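Single-structure report; data block below.
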Amino acid sequence: NIMDKRKEISSSALLKLGLLRQDDFGNYYEVFQDRVSIPIKDEKGNIVSFAGRTTGDEKPKYLHTPETDFFHKKELLYNFDNAKVLSYNNELILVEGYMDVIALFSYGIPECVATLGTALTQDQARLIKRYTNHVYISYDGDGAGQKATLRALGILTQEGIEPRVVVIPDWQDP
């Protein structure tokens with residue numbers, strides 16, 4: 001029975017995980033209220049964190065749960081658990097953000113991964129290297145995306161990965 005498996009989670013645990021916060025008056029509030037919640041999984045598919053994207057103009061655009069003993073942003077890639085299984089040719093497409101992955105996935109391109117709100121790290125490149133040597137970088141076409149592409153090219157090449165760049169015209173997103 002699914003009801004038998006339900007467990008109450010304490011407020012202190014939710015605070016520690018970054019899903020709940022407390023205001024100056026001691027009242028609790030949900031961190032991702034009025035945001036799209038995006039589960040972050042490790043390479044085995046275990047949910048280890050969450051990101052929340054605003055649906056309006058609030059700042060910051062994205063919120064993340066804090067790092068824990070089992071969640072380190074610099075070591076994981078969003079959608080890696082799916083992409084490594086669903087890739088047709090053992091190739092990955094590296095994009096800038098969660099919404100890029102979700103959009104491309106919805107159009108039948110499942111082999112996309114994204115960094116977790118940061119630039120590509122050496123640890124993430126090593127994670128990719130354990131799976132493939134073939135990566136397409138498809139960052140946004142703006143100045144920041146172009147700069148991040150050059151940085152990612154260097155990191156991937158250092159790990160012995162053969163990166164290729166997909167040029168996005170007119171400052172657009174993938």
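Can you tell me the alpha carbon radius of gyration of the stretch 1-152 divided by the globular rule-of-thumb value 2.2 N^0.38 Å?
Cα Rg divided by the expected 2.2 N^0.38 Å: 1.15.
May I ask you to work out the translational diffusion coefficient for the stretch 126-174 at 37 °C, viscosity 0.692 mPa s, via Stokes-Einstein with Rh from the Kirkwood sum over Cα pairs, reported in whole µm²/s?
Rounded, D is 296 µm²/s.
Considering only protein heavy atoms, what per residue accessible area in square angstrom results for the chain with a 1.4 angstrom probe?
61
If I model the stretch 47-135 as equal point scatterers sitting on the Cα atoms and use the Debye formula, what is log10 I(q)/I(0) at q = 0.15, 0.17 Å⁻¹?
These q points yield log10 I(q)/I(0) values of -0.57, -0.73.
For the chain, which whole-number percentage of the solvent-accessible area (1.4 Å probe, protein heavy atoms only) is attributable to carbon and sulfur atoms?
Reported share for carbon and sulfur atoms: 51 percent.
Calculate, for Q122 and S11, the FRET efficiency according to 1/(1 + (r/R0)^6) with r their C-beta to C-beta distance and R0 45 Å; round to the nearest 0.05. Mind dumping the intermediate values first?
Values: r = 37 Å, r/R0 = 0.83.
My answer for the efficiency is 0.75.
Find the relative contact order for the chain and round it to a whole percent, using C-alpha pairs within less than 8 Å whose residues are 6+ positions apart.
The value is 15 percent.
Along the charge dipole of the stretch 33-174, Cβ charges K/R +1 and D/E -1, which of P60, W171, G160 sits furthest on the positive end?
G160
Taking amide hydrogens as modeled 1.01 Å from N in the peptide plane, which residues meet the under 5 Å criterion relative to V48, leaving out close sequence neighbours?
Under 5 Å from the amide H of V48 lie the amide H atoms of I40, K41, D42, each far enough along the sequence or on another chain.
Straight-line reach only, C-alpha to C-alpha below 14 angstrom: list the aspartates and glutamates that K147 could link to, leaving out same-chain residues fewer than 8 apart.
Excluding near neighbours in sequence, the set is E96.
Give me the lysines in straight-line cross-link reach of K16: C-alpha distance below 21 Å, same-chain residues under 8 apart excluded.
Within the straight-line cut-off, K16 pairs with K7, K41, K73, K74.
Where the only charges are on Cβ atoms (+1 Lys, Arg; -1 Asp, Glu), what is the dipole of the stretch 26-130 about its Cα centre, to the nearest 20 debye?
So the magnitude is around 180 debye.
The values are calculated or read from the model by the stated rules, or taken from the named source; none is laboratory data. Note that this is a predicted model, so its numbers are computed, not measured. Heads up, the Cβs are rebuilt from the backbone with ideal geometry, glycines too, and the neighbour counts pull from every protein chain shown. Quick note on the areas: whole protein, heavy atoms, side chains included, nothing else; ligands and nucleic acids left out. Shrake-Rupley method; radii C 1.70, N 1.55, O 1.52, S 1.80 Å.
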